[in-house]
Amino acid sequence: MEKLKILILEDNKNDLEFMKDEIISELKYEFQFKWVITRNDFTLAIRDFHPDLILSDYNLPQFNGLDALKIAQSYNIDIPFIIVTGTLSEEAAADAIKSGAWDYVVKERLQRLPRAIENALDLKSVRLKARKVEAELTLMKGQTDIQLKLLWDAIDKAPGSVMVTAPDGAIQFVNRKFEQVSGYKSEEVIGQNPRLMKSGRHDEAFYRDLWNTILSGNEWRGEMINRNKEGDEYWEDVSISPVTDFDGNIRYFVGIKQDITEKKAAVEALKKSEQWYKAIFGNTGTATVIIDADGTISLVNGKFEELSGMTRAEIEGTKKWMEFVIPEDLEKMFSYHKERREPGNRSPNQYEFSFLSSRGGLRDILLTVDMIPDTNKSVASLLDMTERKQILKDLKESEEKFRLISTSAQDGIIMIDTNGKVVYWNPGAEKIFGYTFEEMKGKDLHHFIAPEKYSASYPQPLRNFQKTGTGAVVGKVVELQSQTKKGASIDIELSIARMQMPDGFGAVGIVRDVTDRKRAEAELIRAKEQAEESDRLKSAFLATMSHELRTPLNAVIGFSDLIDANMPMAEIEEMVKIINDSGKHLLKIIESIFEISMLEAKSTRLRIEEFGLPEFFGTVKSFVASELIKQHKEHLDVAFRPVDNFTGTSLKSDRSRLFQLITNLLNNAIKFTETGKIEYGYSVSGRTITFFVRDTGIGIPHDQQDLIYERFRQVDDSHTREYGGVGLGLSICKGIADLTGGKIWAESEPGVGSTFYFSLPDSVALAPEPETVKEPLRKTYDFYGKKILVVEDEENNMSFLETVLKKTRATLIFAHNGEEAVQQCEKHPDLNLVLMDIKMPVMSGDVATTLIKEKRKDLPVIAQTAYATPIEVERYKQIGFDDYITKPINRDHLTEVLEKYLR
Ligand code: ADP
């Protein structure tokens, strides 16, 4: 048996023993006692001793029974605590019992202690039992609480708002969702009427219906707009049910509400979008219809009414789409229609067809058609292209006209846009400038066709034009210089018109190539000037001729008139000399005219031969000497200036022509020089020889230096000319230069002098032989024992021939005219050869030869002639000449020919 543990708090040892004795003697238990006096020991004993019962004194030195009771209770409320005290007032005892003491025993009546202990132990066991029941009850109650809690949780956390009201509407409960949706805290709404959330958007009848329904015990369902704490409205799907007690009395209303604001907004948006579509459908610029699967038109818009000429009511649900399509297009449309409904549809969404309108007959329509997704309907929009097509057609026609005009135009047609870039360039422009349209497209025009020198002057006016559409050349026809792709400079006539474009001004230019016209114009002007000039020249020529021809003729006629038989012989001889000189002068003029005509008629042929320059200039020298005398200019200082190897050079050309040329130049030099000197000579460069004749004469004005080669051209063509001549000398020189392939030019300074040059290319004979080598090679002729008659009227010629022929040791006899020649022939029967001049006074060479040949057929007669034309040569043959040599006479040629007849 377990011992009953009793803790005794007592400061008096005797009392302790009495208590023990009383207990042990009276109670049938085994006991274990623990005696404590201090508070500390008491506390420790409760914890470690685990007493089954506590006996405590009421008054202790530093402690008392009530404090001990508190400590014990705080540890275990079910330990019986009995106060054992000496004296105790009624109030103290009541206090102790009130504080939880189980009993109290007065020490004077200690015999009650066992009873008190037994009672306390019984009470303890009852208490413990009660405690157990209580615990069980508590446990049971806890489980119900859990279930309730779960239920509340479910309601509280329900996704919908829950509101419970009393029958009078006062809110009893709201859940968390309600708080979220309404913005009100539970405590703010409990006891309030739900009208707190009224939006005012529903009328009285709405609420009346609600109350009538729920008060009659039915559930009310509906959508309601409420207002949250912030004042914002929200839609709720509301169900309100009454909750009744067993007697059928309404105890609560339970409202369950779903926030449907978003759903409402979506529905609203859908509605709006439907309205939009309706508006778009109705107001779209194109006629639009909706066609059902069977082809019935179910919806049309206003534009379709206009197009068809029928009202909506007449069409919708009645008319078939195909009734508006012309029969020709029906088949095509059916097949598209069918294809469109098949998988892998490839029918076009857009095509043209002809629409049958009751309003305006046939219309050209561009149809755009497609299925409406997830339906069997199609939507078709019809764009009326009739007018547009007509405009396009007109435009095409006008374009075609423009194209035809512009492609066939000879003129260039060019268009530039507002940036100055080429946008059109017709074939005419291609032809004029050589650039194709492809090359010019989008390019800056002036970079291509404006000459380089003008390039800087284009951009500014162009910019100005682009902005203002004005410019110096706009609206005018101007002549400009331009250039082609090949870089050729051309003259163009340009007319520019402006084109108003949205972003400024462009231009169209018509270009005409007037290069040929301008050239022709210039040529015409030149020809006109030339004609005027030649007219003037003709007059000058006539004046000159009349002067030049009249002067000697006057002398001939005048002096021949004067001569009569009574005149002394010396005077007659003098007059005859004048007449003769004048005649010769006339002859010279006529010869010149003849010469120039021949040259210009190109009937002169070159006689190319090789001849040495020393010999050539020897002859020239003789000419100069005689000319100085003739022109009475012996006082002039004349010098020949050859190059160093003068003696070795020989030329291959027409010797007599060159002689004629050089002597003409020398003649002029002598004629136009009064004082000073004349130099002549040549220089050689490669195979080109350049002759020069320099004088210190009157010079030639600069503007005349190119003109003096023209026929009859004289610097001074006044009637009272100081210098003789007919203005043919230089023309002849020029003619010879052209004929021989040479070039003649002059450098001259009026009052200072002139230098004439004549250069002849490819004329210097190759590998000229040095004089030392050449000299022995020159053939020496020996006509010793031969007698030659030289017939020549010109003293100079005569002396030249004499010089040459004397070297051959021939015997020479002379005659000065044909008559003398005939006489000499008669006088000298031993004559071996006659060298006969043609043009001579008294009797010409022709006549003399005829006479001589009549008598002495075998006597060789050689003609000296300046005119070796084929006709002349033939004539000489007819007359009886055996051969001819040309004047001026070439020494070698002369001796060569003579040898042929003297051998
Ligand atoms: P011409 O001498 O018979 O008048 P040309 O044809 O030989 O005819 O010369 C034409 C013109 O050229 C001359 O009239 C003269 O005015 C000028 N001229 C030619 N040679 C000279 C010169 N050496 N010095 C000055 N003027 C000259």
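Some notes on this structure:
- Antiparallel beta bridges, as assigned by DSSP with both residues in the chain, represent about 70 percent of the total such bridges.
- Net charge over other residues, Cβ less than 9 angstrom from the Cβ of Leu636 (K, R count +1; D, E count -1): -2
- With 30 Å as the limit on Cα-Cα distance, the pairs of Lys588/Lys827; Lys677/Lys839; Lys677/Lys743; Lys149/Lys264 that go past it are Lys588/Lys827; Lys677/Lys839; Lys149/Lys264.
- Global geometry of the stretch 519-597, whether rounded, prolate or oblate, following the gyration tensor of its Cα atoms and the 1.5 cut on a/c: prolate
- Whole-Hz ³J(HN,Hα) from phi, Karplus 6.51 cos²θ - 1.76 cosθ + 1.60, for the stretch 343-356, glycine and proline x: x, x, 3, 10, 6, x, 7, 9, 7, 9, 7, 9, 9, 8
- Summing Cβ point charges (Lys, Arg +1; Asp, Glu -1) relative to the Cα centre of the stretch 77-132 gives a dipole of roughly 340 debye.
- Neighbour-count order for Ile291, Ile608, fewest beta carbons within 10 angstrom listed first: Ile608, Ile291
- By average C-beta atoms within 10 angstrom, highest first, the peptides 220-228, 299-307, 701-709: 299-307, 220-228, 701-709
- Lys, Arg +1 and Asp, Glu -1 on Cβ, resulting dipole of the chain about Cα centre, debye, nearest 20: 1060 debye
- Arg641 paired with Glu314, simple spin-label distance in nm, labels 7 Å along Cα-to-beta-carbon: 11.7 nm
- Computed [θ] at 222 nm, deg cm²/dmol, the chain (DSSP H ≥ 4; -39,500 (n - 2.57); rounded to nearest 500): -14500 deg cm²/dmol
- Residue exposure proxy: Leu139, Leu801, ordered by other Cβ atoms within 10 angstrom of their Cβ from fewest to most, comes out as Leu139, Leu801.
- Each residue in Asp294, Asp837 was given a count of other beta-carbon atoms within 10 angstrom of its own, and listing them fewest first yields Asp294, Asp837.
- Calculated P(r) tail over 49 Å for the chain, as whole % of Cα pairs: 70 percent
- Cleavage-rule hits, GluC sites (Glu not before Pro), the stretch 571-638, DSSP coil, Cβ neighbours within 10 Å at most 10: Glu634
- Annotation: amide H of Ala863 within the under-5 Å range of Met836, Asp882, Asp883, Tyr884, Ile885, sequence separation 5 or more or interchain, hydrogens built in the peptide plane.
- Protection-proxy order for peptides 671-677, 895-901, each taking the mean of Cβ atoms within 10 Å per residue, highest first: 895-901, 671-677
- Two-site label geometry, Thr138 and Leu404: point separation in nm, points 7 Å out along Cα→Cβ: 12.0 nm
- Rounded Å value of the spacing that divides the Cα centres of the stretch 847-903 and the stretch 613-662: 26 Å
- Between Glu262 and Thr296, the distance separating the two model label sites (each 7 Å from Cα on the Cα→Cβ line) works out to 4.1 nm.
- Out-of-range pairs (alpha-carbon distance over 24 Å; input Lys602/Lys900; Lys34/Lys98; Lys70/Lys141; Lys630/Lys887): Lys602/Lys900; Lys34/Lys98; Lys70/Lys141
- Shape class for the stretch 297-341: prolate, because the ratio a/c of the largest to smallest gyration tensor axis (alpha-carbon atoms, square roots of eigenvalues) is 1.5 or more and a/b beats b/c.
- Euclidean distance of C-alpha centroids, the stretch 229-265 and the stretch 822-846, integer Å: 168 Å
Each value in this text was obtained by applying a stated rule to the coordinates, not by laboratory testing. As the structure is a computational prediction, the values presented were derived from the model and not from experiment. So basically every Cβ, Gly included, is an ideal-geometry build from the backbone, and we count neighbours across all protein chains shown.
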